[in-house]
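Each remark here refers to the structure printed beneath this line.
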Protein chains: 4
Amino acid sequence: MTQSDKSSGQDVALIVGGGPGISSSCARLFTKSGMRVGIAARNPDKPALQNLEKTHGVRRYACDASQAAAVELLFQNVVRDLGRPTLVVHNIDGRMPEIFRKAITEADPSNALDTLRNSAFSAFLVGQQAARLMHENTPDANGTKGTIIFTNASAALKGFPLSGAFAMACHAKSGLAQSMARELMPQGIHVANVPIDAAIGQKQVDGTRAHRLAGTTVDDNMADPDCIAETYLQLHRQHRSTWAFEVVLRPWVEKW
Amino acid sequence: MTQSDKSSGQDVALIVGGGPGISSSCARLFTKSGMRVGIAARNPDKPALQNLEKTHGVRRYACDASQAAAVELLFQNVVRDLGRPTLVVHNIDGRMPEIFRKAITEADPSNALDTLRNSAFSAFLVGQQAARLMHENTPDANGTKGTIIFTNASAALKGFPLSGAFAMACHAKSGLAQSMARELMPQGIHVANVPIDAAIGQKQVDGTRAHRLAGTTVDDNMADPDCIAETYLQLHRQHRSTWAFEVVLRPWVEKW
Amino acid sequence: MTQSDKSSGQDVALIVGGGPGISSSCARLFTKSGMRVGIAARNPDKPALQNLEKTHGVRRYACDASQAAAVELLFQNVVRDLGRPTLVVHNIDGRMPEIFRKAITEADPSNALDTLRNSAFSAFLVGQQAARLMHENTPDANGTKGTIIFTNASAALKGFPLSGAFAMACHAKSGLAQSMARELMPQGIHVANVPIDAAIGQKQVDGTRAHRLAGTTVDDNMADPDCIAETYLQLHRQHRSTWAFEVVLRPWVEKW
Amino acid sequence: MTQSDKSSGQDVALIVGGGPGISSSCARLFTKSGMRVGIAARNPDKPALQNLEKTHGVRRYACDASQAAAVELLFQNVVRDLGRPTLVVHNIDGRMPEIFRKAITEADPSNALDTLRNSAFSAFLVGQQAARLMHENTPDANGTKGTIIFTNASAALKGFPLSGAFAMACHAKSGLAQSMARELMPQGIHVANVPIDAAIGQKQVDGTRAHRLAGTTVDDNMADPDCIAETYLQLHRQHRSTWAFEVVLRPWVEKW
């Protein structure tokens, strides 16, 4: 394999936004690849995250990522516990369920603002702290000081009806990612935006068994979170001569 | 002229975000075209707006458009004073000067959040109130119940370095506009997003003289606000068989 | 009206690709606006075009626009008969009916190549001749030496299944238009790409009666060619401080 | 590694368009990964290709990929010699040097048409033959019947001035790829478009030594063809639950 080996134990990954889906798949794959891994969530006591700690030694952190001070503290704690992160994944959807599929005329403004804060503003806070730390890293064999990945949604690609606030938040996250990519890539930090264009949503997995999709009809239009995690690892390992900024992942049967 | 005449005095325009540039050009053109025009700003006592009142009878309103209650009250007052709006322009840039061209690592988070609130969230509030009222309008001769136009910036098209928060806000506004367009157009409300791709910014005009660019070198890469206003009026007058959602306006010499 | 008057009789428009739809609407509107108008088609003896000559004095030309020599001759003849064109519309769809909705595995390669030649390559030939002549024009009151408009289709925005060759051709036309816009706009020539995103296609009109859509259900998702022509005229009249490059026109009820 | 092993010797790759850059890197990586590899070029006797045969057992084919019959014969010969292809890479740039950076008014139309034929039309021919054969393949462990990858250029993302014909060709290739992706992905064939956004062009490599960029300044804005080949292999190995259609690869210091 021509990709440089990052399994030296020095690679530190932080996943912000934790649950049984993408973040758990990332945590498992990253630990298997030799990284020290931390995961942050509002509620770090969810069973999926407790399980990650038990089975994979993943460190759990409580953090409301829409609060500047909380995010700053999170990164301080990660550096203290695990070391300076080289891979940071922002994995917060942030959509308020109260306004799911609500007409623009019916959506409560405070829910719309919370969606913006939870999703886009927390991405700003996490991206800012990540960039500050990564600037001080030494480039690895691929010429990379660090990788910042934003999980995004199809609403980043297209503003669908009945979801104005979520379209705002996802587009905002894309705009932030693009600005950060143009600013930070020439400084050695790889920034990527990964909209998952899966209509039905991600497969919920229990975190203990293998997760490869069985190929049954029922799963066909879901994105397997283990496969998403693989793409994230590939992005982190890309040589800086050929960085991808945006990768849209989409199940084979998805209409687009 | 094949476009239907809207000069019946029934057409009511509300411009949210007011200063000597685009909003003043819009106010002048809309009144000349027979509309009753209101203009809202945090500070409605700016000389440019006082002048619009004197010379064109434009009604001024004080409004912090990032506050839900203030925006609701604004629309109530406009309906009371002028009638139900058929054309609403959201013309707030919202960029906080404190973070202009600041590295992502240096931008103050509270300024970033304020940028989101001033620009994208206020667009949500204004768009929501406009949609609520327009739903009750009778379609005009072009089949239009009303037109909602969002002034946007080149940061909506491309996330530039050193402007992460502004890229977030402008992308957010585009995402909102797209979602509203897909939701509201089939209900007879025309929604448009108009990124002005002018690097140097809009010409500042005094509101009393003619503003056609003289063609001198110094003005060549500025967008004339009077020309922008003309495009807005054309969008408002488009027949619903051929609605444009996004129009990027760019000076002839602009690099893109 | 702040737009400069072009009705001096000096404005010359050439429409390449002629039939009863967009081109006839353009020819009527342009002549009413005081332009001298020529229209070119493989078969200039179609009833719609004969009718345009009779009722509006439009000059007809026979031209296979996929042949370089034929296009060169066309422009020579137009200059001789009408004067140097200031507005050129390329209005050729070029899709070969033989491969309409055919699987990529079933489409005949020669039909695919003909689609490319008829649509994209003819756009190149027409754009080239137009640019050569317009470079010599004196800028008008809007600072414009001339306007080149490419009618395009939704396949320019999205490659749909079962239409690989048409997607190629429409995307090619967009790429050409973009390159020409970046090259020619700073030289005073306005280039525009106008994808008509109408699924059912344009209303066929007979060229003699008024064409405003009646608002009946059956017409609701068709783009009225008279409205398209109005947008073309507005693009031609835009001041160079605020040129639009791409305008997508879409009926209000269209899904996108 | 959770990706299924494709090193069984059954995987057959065909690279159309061969030289010392991307195609040689692909040929080396694919053979190392256990595939049987064929490479086609107008002139298969180039030293780089002869070398690939000697050192890696790559099979060489002469083919003018802009000729339908030649492409059909190529695929027949590959099936006969190596077996049914599961990975096909179209790697033809097709730009005619005669019109490189020529004004639209100066470009020879026959060169423009040749650019379209060499690039976009050959992509159609190659994609068509690939799809025909892959439809008959049995899905592998990732649920994939085959992968078709189009190498593309930054002119696919943006029409630059002075390159109208190349912008046409690259946009056309993107349109074709998109249409094929929407048509073929739900049938189990992964289609990908990979614009390489490298201004200076790809590093020319001699095909015998390791190619990892040394990190010296001179190489910094070139895309390493070995890294591009890795991305192609990753795309081929993606599980169908998370297929990427478009990946733009760009050196870290590239302006975009």
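Here are some notes:
- The one condition in (1) closer than 30 Å to D:CYS26 by Cβ; (2) over 19 Å from the mean Cα position of the chain (by Cα) that A:THR86 fails to fulfil: (2)
- Test result for C:LEU184, under 23 Å from C:ARG28 (Cα atoms), open to solvent by less than 20 Å² (accessible area, probe 1.4 Å) and at pLDDT 95 or above: no
- Scanning region C:122-141 for residues that are open to solvent by less than 10 Å² (accessible area, probe 1.4 Å) and within 9 Å of another protein chain (Cβ to nearest Cβ) gives C:ALA123, C:PHE124, C:LEU125, C:GLY127, C:GLN128, C:ALA131.
- With respect to (1) outside any strand (DSSP E or B); (2) modelled with pLDDT of 50 or more, the lone exception for A:VAL205 is condition (2).
- Hey, C:ARG80 outside any strand (DSSP E or B) and touching a residue at least 24 places away in the same chain (Cβ under 8 Å) or not: no
- Just one of the listed residues (A:LEU157, A:LEU176) is closer than 19 Å to A:PHE245 by Cα, touching an Asp or Glu at 6+ places or on another chain (Cβ under 7 Å) and of a type in the set (A, V, I, L, M), and it is A:LEU157.
- A single entry from C:ASP81, C:ASP45, C:ASP64 fulfils the requirement of being open to solvent by 10 Å² or more (accessible area, probe 1.4 Å) and under 20 Å from C:PHE124 (Cβ atoms): C:ASP64.
- Conditions (1) surrounded by fewer than 16 Cβ atoms within 10 Å (Cβ to Cβ); (2) modelled with pLDDT of 95 or more; (3) in contact with a helix residue (DSSP H, G or I) (Cβ under 9 Å, 6 or more places away or on another chain); number of the one not met by D:PHE100: (2)
- Looking only at region A:158-168, and only at residues there that are assigned to a helix (DSSP H, G or I) and within 7 Å of another protein chain (Cβ to nearest Cβ), the one that is surrounded by the fewest Cβ atoms within 10 Å (Cβ to Cβ): A:ALA167
Residues checked against (1) among the small types (Gly, Ala, Ser); (2) touching a helix residue (DSSP H, G or I) at 6+ places or on another chain (Cβ under 9 Å); (3) open to solvent by 60 Å² or more (accessible area, probe 1.4 Å); (4) under 30 Å from C:SER163 (Cβ atoms):
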site: C:GLY17; (1), (2), (3), (4): yes, yes, no, yes
site: C:PHE30; (1), (2), (3), (4): no, yes, no, no
site: C:ALA40; (1), (2), (3), (4): yes, yes, no, yes
site: C:ASN77; (1), (2), (3), (4): no, no, no, no
site: C:VAL89; (1), (2), (3), (4): no, yes, no, yes
site: C:ASN111; (1), (2), (3), (4): no, yes, no, yes
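- Of all residues in region C:224-242 being facing chain B (nearest Cβ under 7 Å) and touching a helix residue (DSSP H, G or I) at 6+ places or on another chain (Cβ under 6 Å), the one that is surrounded by the fewest Cβ atoms within 10 Å (Cβ to Cβ): C:GLN234
The values are calculated or read from the model by the stated rules, or taken from the named source; none is laboratory data. Here the structure is a predicted model, which is why all the values come from computation and not from measurement. Please note: Cβ atoms are built from the backbone with ideal geometry, for glycine as well, and neighbour counts cover all protein chains shown. We work out accessible area using only protein heavy atoms, side chains counted, and drop any ligands, DNA or RNA first. Shrake-Rupley method; radii C 1.70, N 1.55, O 1.52, S 1.80 Å.
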